[in-house]
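The values are calculated or read from the model by the stated rules, or taken from the named source; none is laboratory data. Keep in mind that this is a model prediction, so the values were computed, not measured. Cβ placement follows ideal geometry from the backbone for every residue including glycine, while neighbour counts extend to all protein chains displayed.
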Amino acid sequence: MSVWSRFVSQHPTRIVFGKELRDAIRDKRSVMAAMSYAFFGPLLMAVAFFFMITQLTDPSDVEIDIKGAEHAPAFVDYLAQRGIVERSKPWPAGQHPITLTIDENWANHIAQAQQAPVTLTADFSSTKQRSDIRRIETALEGYSQQIAYIRLQMRGIDPRVISPIDVVKQDTATKGSRSALIMGSAMIFILMSVFFSGMNVAIDISAGERERNSLELLLSQPLTTQQMVLGKALAASCFAMAGGLLSVVLIPWVFRLLPLHEIGISVVITTADMCLMIAMLLPLALLATALQLFVSFRAKSFKEAQTYISFVLMLPMMVVFGVEFTNTKNPLLYYTPVTGQHQALLDIIKGEAIQWLPLVISSLVTLLLGWIILRFIGRMLASEKVVFGL
Amino acid sequence: MIEVNELRKQFGKVTALDGLSFTAPEGKITGLLGPNGAGKTTCLRTIYGLLKADSGQALIDGVDASIEPLAARRKIGIFPDKFGLYERLTAREQVAYFASLHGMTRADASVAVQQVFERLDMLAIADRRATGFSQGQRMKVALAQAIVHRPQHLILDEPSRGLDVMSTRILRDLLRELRQQGTSILFSSHVMQEVAALCDQVVVVAKGKVVAQGTTEELCALTGETALEEAFVKIIGTDEGIAA
């Protein structure tokens, strides 16, 4: 055995790490907790997306009440071509009826080039029916414009005079960026997996150690509190990483099963992308563990630690969800822990170029922050006030 | 040798140690006898550097744990007040963990663990996980943890609390054997019979101070009593009288 390998195998940090890892792997509760989040998260997401896709691609007609259809058969035909048809079934409870009323003098008005009144009655504040109402309005405008063009042409006027601005819409949304919203939430799952998966182990090796009455004896052994904390943190980080790994592998697999192409989304996650994701979760796993150890070393029991940790979990969740839903775009987000990884994950998934420098910086900042917290826990445990709860 | 010189320790308004001094020489069993709350555990925790004394010092072979905690801790084996075991580890893994924390290589540790298990007659439970161990079996694991690295000093905090007759006998036999080998043994207790049966010298502690010191016979002679129990009550009682 070389000097180096002997040093490593006998280093207190490695000894603590090895023991804690073995202990944790035998703890079915910890293993289940780590794996279930990583496993059920993607599954839950798959179900939610599946429903979203079926709703988005819903090709069914808008069924409404049409009063006075007999006065304007051509108009009603036009509407039917646009998927707006007369309703045969009664309206379901709780849904406001949408009614289109055509005036009995429709034919006269059209013939005399007058305005033909059509009344659209609906609850315009209803979010559920918003897209239906929008479709009807678009169809009405379309028909109105068609008639107008014919009238102008009959009078020898170029219909273009009434549309002085020719709006040309160029959709620059790539398939990748359209999928960003869906992917954004998937990335939150990946990000949070490192926070959830190591949690049980982190509690067990800190508050659990205290509850079992073994903390005092361990602290009385010839190792520094820093070595002990680092060994424990690395063991819990392994669990956090195992969860992260599992969700990085499972989520792209879930995407492949979903009919995402139906809503014009394509996701290509290469093996290289997955390796990069895993690499950037590493510092985050250490930070997550450090935060969890910090609170649970202060707790006197497993239960107390669980309560504290649930607050700690809220923190990264709030940050990530906040950024995701407020659509905050600040270059600083690329450099800070948690958000830095989040932005990089989003860039990968959108197929955009990765900003390497910010990614490296945010990884280093994350590592540094984790390290500082671990050093602080080490100092904290050297204090008799914390150890004996004086 | 363990030397305690003029230790003082204050927790808020409570004085836990009030100028405590004694020595625990090699090849002797020293009993720290005192009622609950006398400062015994505080004293032991100060010796291995978990607590810092306000003044005074505790030396293990001349090493002060408040200055060089790791060096001091390498010299001692600790049998704690409450011994929590790692329920998911086997007895062998548990004891090997402590052996390696004391710097033993894996090979050395496994030999040492085997020897200590033979000595304590616990080979039958060596590869079982700690869940479901009886109190006696737990005590043996804790004891094996404390002596696996063959320390020159052994510190035991209330060792016989909650032990059955058989376990107590095993413990006493082992302590006598270690004394033979020149280990200095310091143990705290509030059980008189225990101390009388084992100790070469008794340090009676009350309110953080040494109130009497000597062999069992010397203490009895000091108080004019024939049994240590009576002597103990008299010593403590007198002390309380003075304090009040």
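Can you confirm whether B:V203 is under 17 Å from B:L44 (Cβ atoms) and β-branched (V, I, T)?
Yes, satisfied.
Can you give me the number of residues within region A:289-301 that are touching a Lys or Arg at 6+ places or on another chain (Cβ under 9 Å) and aromatic (F, W, Y)?
1
Is there a residue in region A:252-259 that is closer than 30 Å to A:F376 by Cα and either assigned to a helix (DSSP H, G or I) or without any contact (Cβ under 8 Å) to a residue 40 or more places away in the chain (or both)?
Filtering region A:252-259 for residues closer than 30 Å to A:F376 by Cα gives none.
Within region A:252-259 (the criterion being closer than 30 Å to A:F376 by Cα and either assigned to a helix (DSSP H, G or I) or without any contact (Cβ under 8 Å) to a residue 40 or more places away in the chain (or both)), the answer is no, since none of the residues qualifies.
Hey, which of the helices (runs of 4 or more DSSP H) in region A:1-100, taking only ones fully inside, have at least 3 residues that are within 14 Å of chain B (Cβ to nearest Cβ) and in contact with a Gly (Cβ under 9 Å, 6 or more places away or on another chain)?
A:12-25
Could you check region B:5-15 and list, in sequence order, the residues that are surrounded by fewer than 24 Cβ atoms within 10 Å (Cβ to Cβ) and away from chain A (no Cβ under 14 Å)? First the steps, then the outcome.
Keep residues of region B:5-15 that are surrounded by fewer than 24 Cβ atoms within 10 Å (Cβ to Cβ), which gives B:5-6, B:8-15.
Scanning region B:5-15 gives B:N5, B:E6, B:R8, B:T15.
Can B:G62 be described as away from every other protein chain (no Cβ under 11 Å), small (G, A, S) and surrounded by fewer than 21 Cβ atoms within 10 Å (Cβ to Cβ)?
Details: away from every other protein chain (no Cβ under 11 Å): yes; small (G, A, S): yes; surrounded by fewer than 21 Cβ atoms within 10 Å (Cβ to Cβ): yes.
So B:G62 fits the description; yes.
To keep it simple, each residue is scored yes or no on (1) within 14 Å of chain A (Cβ to nearest Cβ); (2) modelled with pLDDT of 90 or more; (3) more than 18 Å from B:A142 (Cβ to Cβ); (4) not in a strand (DSSP E or B).
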site: B:L17; (1), (2), (3), (4): yes, yes, yes, no
site: B:S21; (1), (2), (3), (4): no, yes, yes, no
site: B:A38; (1), (2), (3), (4): no, no, yes, yes
site: B:L85; (1), (2), (3), (4): yes, yes, no, yes
site: B:V95; (1), (2), (3), (4): yes, yes, no, yes
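Mind telling me which of the residues A:L223, A:L246, A:L234 ends up being within 18 Å of the chain's Cα centre (by Cα) and surrounded by fewer than 24 Cβ atoms within 10 Å (Cβ to Cβ)?
Details: A:L223 fails: within 18 Å of the chain's Cα centre (by Cα); A:L234 fails: within 18 Å of the chain's Cα centre (by Cα).
From the options A:L223, A:L246, A:L234, the qualifying one is A:L246.
Being assigned to a helix (DSSP H, G or I) and touching a helix residue (DSSP H, G or I) at 6+ places or on another chain (Cβ under 8 Å) narrows it down to one of A:L357, A:L313, so name that one. Break it down into steps so the answer makes sense when it comes.
Numbers: A:L357 fails: touching a helix residue (DSSP H, G or I) at 6+ places or on another chain (Cβ under 8 Å).
When all the criteria are applied, what remains is A:L313.
From the residues in region A:336-357 that are farther than 17 Å from A:F189 by Cβ and surrounded by 19 or more Cβ atoms within 10 Å (Cβ to Cβ), which one is nearest to the chain's Cα centre (by Cα)?
Filtering first and then ranking leaves A:G340.
Under 18 Å from B:I78 (Cα atoms), modelled with pLDDT of 90 or more and not polar (S, T, N, Q): is that true of B:L154 in this structure?
So B:L154 passes the test.
Enumerate the pairs (first residue in region B:35-46 and free of Cβ contacts under 8 Å to residues at least 24 places away in the same chain; second residue anywhere and crowded, with 24+ Cβ neighbours inside 10 Å) with beta-carbon separation below 7 Å, excluding pairs fewer than 6 apart on the same chain, so at least 6 apart or on different chains.
Close Cβ pairs satisfying both conditions: B:R45/B:L51.
Hey, can you tell me all the residues within region A:101-134 that are hydrophobic (A, V, I, L, M, F, W, C) and in a loop (DSSP other than H, G, I, E, B)? Let's see the steps before the verdict.
To start, the set of residues in region A:101-134 that are hydrophobic (A, V, I, L, M, F, W, C) comprises A:102, A:106-107, A:110-111, A:113, A:116, A:118, A:120, A:122, A:124, A:133.
Within region A:101-134, A:A113, A:A116, A:A122, A:F124 meet the criteria.
Does B:L198 fit the bill of being modelled with pLDDT of 85 or more, buried (at least 18 other Cβ atoms within 10 Å of the Cβ) and more than 16 Å from B:A38 (Cβ to Cβ)? Don't jump to the end; show me each part of the working.
Numbers: modelled with pLDDT of 85 or more: yes; buried (at least 18 other Cβ atoms within 10 Å of the Cβ): yes; more than 16 Å from B:A38 (Cβ to Cβ): yes.
So B:L198 passes the test.
Against the condition assigned to a helix (DSSP H, G or I) and in contact with a Ser or Thr (Cβ under 9 Å, 6 or more places away or on another chain), how does A:V365 come out, does it pass?
Details: assigned to a helix (DSSP H, G or I): yes; in contact with a Ser or Thr (Cβ under 9 Å, 6 or more places away or on another chain): yes.
Judged against the criteria, A:V365 is a match.
Considering each of B:A72, B:A91 in turn, give the residue that is small (G, A, S), in contact with a Gly (Cβ under 7 Å, 6 or more places away or on another chain) and within 24 Å of B:A144 (Cα to Cα).
Details: B:A91 fails: in contact with a Gly (Cβ under 7 Å, 6 or more places away or on another chain).
That would be B:A72, the only listed residue that is small (G, A, S), in contact with a Gly (Cβ under 7 Å, 6 or more places away or on another chain) and within 24 Å of B:A144 (Cα to Cα).
Evaluate the following for A:L333: is it closer than 20 Å to A:G378 by Cβ and either out of contact with any strand residue (DSSP E or B) (no Cβ under 7 Å at 6 or more places or on another chain) or not in a helix (DSSP H, G or I) (or both)?
On the way: closer than 20 Å to A:G378 by Cβ: no; either out of contact with any strand residue (DSSP E or B) (no Cβ under 7 Å at 6 or more places or on another chain) or not in a helix (DSSP H, G or I) (or both): yes.
The answer is no for A:L333.
Of the conditions (1) over 25 Å from A:G208 (Cα atoms); (2) of a type outside the set (A, V, I, L, M); (3) at pLDDT 85 or above, A:F376 fails just one. Which one is it?
(1)
Which residues, counting only those in region B:97-110, are among the aromatic types (F, W, Y) and more than 10 Å from every other protein chain (Cβ to nearest Cβ)? Give the steps one after another, and end with the answer.
First, pick out the residues of region B:97-110 that are among the aromatic types (F, W, Y): B:97-98.
Across region B:97-110, there are no qualifying residues.
Suppose the filter is within 23 Å of B:Y97 (Cα to Cα) and assigned to a helix (DSSP H, G or I); does A:L281 pass it?
Values: within 23 Å of B:Y97 (Cα to Cα): no; assigned to a helix (DSSP H, G or I): yes.
Considered against the rule, which asks whether it is within 23 Å of B:Y97 (Cα to Cα) and assigned to a helix (DSSP H, G or I), A:L281 comes out as no.
Looking at region B:149-188, which of the residues that are among the β-branched types (V, I, T) and free of Cβ contacts under 8 Å to residues at least 60 places away in the same chain is surrounded by the fewest Cβ atoms within 10 Å (Cβ to Cβ)?
B:V165
Would you mention how many residues in region B:72-83 are assigned to a helix (DSSP H, G or I) and either within 8 Å of chain A (Cβ to nearest Cβ) or out of contact with any strand residue (DSSP E or B) (no Cβ under 7 Å at 6 or more places or on another chain) (or both)? Don't jump to the end; show me each part of the working.
From region B:72-83, those assigned to a helix (DSSP H, G or I) are B:72-74; that's our starting set.
Cutting the leftovers down to either within 8 Å of chain A (Cβ to nearest Cβ) or out of contact with any strand residue (DSSP E or B) (no Cβ under 7 Å at 6 or more places or on another chain) (or both) gives us B:73-74.
Here the count works out to 2.
Report whether or not B:V191 is surrounded by 22 or more Cβ atoms within 10 Å (Cβ to Cβ) and either over 21 Å from B:M104 (Cβ atoms) or without any contact (Cβ under 8 Å) to a residue 40 or more places away in the chain (or both). Steps first, answer last, please.
Details: surrounded by 22 or more Cβ atoms within 10 Å (Cβ to Cβ): no; either over 21 Å from B:M104 (Cβ atoms) or without any contact (Cβ under 8 Å) to a residue 40 or more places away in the chain (or both): yes.
No; evaluated as a whole, the condition is false for this residue.
Hey, any hits in region B:111-127 for a residue that's on the phi > 0 side of the Ramachandran plot, more than 13 Å from chain A (Cβ to nearest Cβ) and at pLDDT below 90? Walk me through how you get there before you give the answer.
Keep residues of region B:111-127 that are on the phi > 0 side of the Ramachandran plot, which gives B:121.
Adding the requirement that they be more than 13 Å from chain A (Cβ to nearest Cβ) leaves B:121.
Applying the additional criterion that residues be at pLDDT below 90 yields B:121.
Yes, the conditions are met somewhere in region B:111-127.
Within region B:97-131, count every residue that is polar (S, T, N, Q), without any contact (Cβ under 8 Å) to a residue 12 or more places away in the chain and in a helix (DSSP H, G or I).
Kept after step one, since they are polar (S, T, N, Q), are these residues of region B:97-131: B:100, B:105, B:110, B:114-115, B:131.
Subsequent filtering for residues that are without any contact (Cβ under 8 Å) to a residue 12 or more places away in the chain retains B:100, B:105, B:114-115.
This time we only want the ones that are in a helix (DSSP H, G or I), so: B:100, B:114-115.
Final tally of qualifying residues: 3.
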